[in-house]
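Read through the structure below, which is laid out as structure tokens, and then see the notes.
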Amino acid sequence: MFLNLTGSDMAGLKYYERTKLLIELIEKKKTGSPGELSKKIGVSKRMIFLILDDLRLALERDICYCKSSKSYIFTELECKSRD
């Protein structure tokens, strides 16, 4: 039996896959800068910021850009500044 996915279902699946990849990269501290991350995931920088905002709400964890590791990271404390 084959799944009959519509265009919006496919878009949702792509969003899920990109979000899952973003979580993995954050956990490994391998995101790079917002520009590098947008290329890795295949979306615009603006979309990166939107996905990060969605993750902050869904996971109830803060996500900050760490300049020393050059990666977004999960934090338990609220970040002083967000990029």
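Amide H contacts under 5 Å for Tyr72: Thr31, Gly32, Cys66, restricted to partners 5 or more places along the chain or on a different chain, H placed in the peptide plane at 1.01 Å from N.
Relative contact order for the range 7-75: what is it in percent, counting Cα pairs under 8 Å that are at least 6 residues apart? With pairs under 8 Å counted, the relative contact order is 33 percent. Note on the range 7-75: Cα convex hull, mean projected area over all directions, 4.4 nm².
Every read-out reported here was derived from the displayed coordinates using simple, explicitly stated rules and does not represent laboratory data. This is a predicted model, so every value here is computed, not measured.
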